[in-house]
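Values quoted throughout were computed directly from the atomic coordinates according to the rules given, and no laboratory measurement underlies them. Source: prediction; values computed, not measured. Here the Cβ is made from the backbone with ideal geometry for all residues, glycine too, and neighbour counts use every protein chain on show.
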Amino acid sequence: MEIVVDRGRCTGIGICESVDPDRFEVGADGSLVVLDPMVTEGDLALAEEAIRSCPAAALKLHRIEEAA
């Protein structure tokens, strides 16, 4: 799975960064950087918590289809 940011909705508050600082970082200009967009099963619970905590609902998980 991959984290996708809706840049039009993201306000750069940084709650996602406080929940999962190894994955998210808000730059000095307020723009969100996803340090690691790929989410493994082991990271899923923390990534989902960060996504749920976003007050702007700017974060989503996108399931990547594997090639056959």
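Quick rundown of the values:
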{"item": "The chain - mean residue ellipticity at 222 nm from DSSP helices (-39,500 (n - 2.57) per run, n ≥ 4, rounded to 500)", "result": "-5500 deg cm²/dmol"}
{"item": "Computed label-point distance, nm, for sites I13 and L35 using a 7 Å Cα→Cβ extension", "result": "2.2"}
{"item": "Mean separation of Cα contacts under 8 Å (6+ apart) over length of the chain, as relative contact order %", "result": "46"}
{"item": "Sequence-distant residues sharing a close amide H with F24 (under 5 Å, placed H)", "result": "L35"}
{"item": "Relative pair counts by distance (%), Cα atoms of the chain, 10 Å bins", "result": "22, 57, 17, 4, 0"}
{"item": "Inter-probe distance in nm under a simple model that places probes 7 Å from Cα toward Cβ, at L61 and E2", "result": "1.6"}
{"item": "Lys, Arg +1 and Asp, Glu -1 on Cβ, resulting dipole of region 26-66 about Cα centre, debye, nearest 20", "result": "220"}
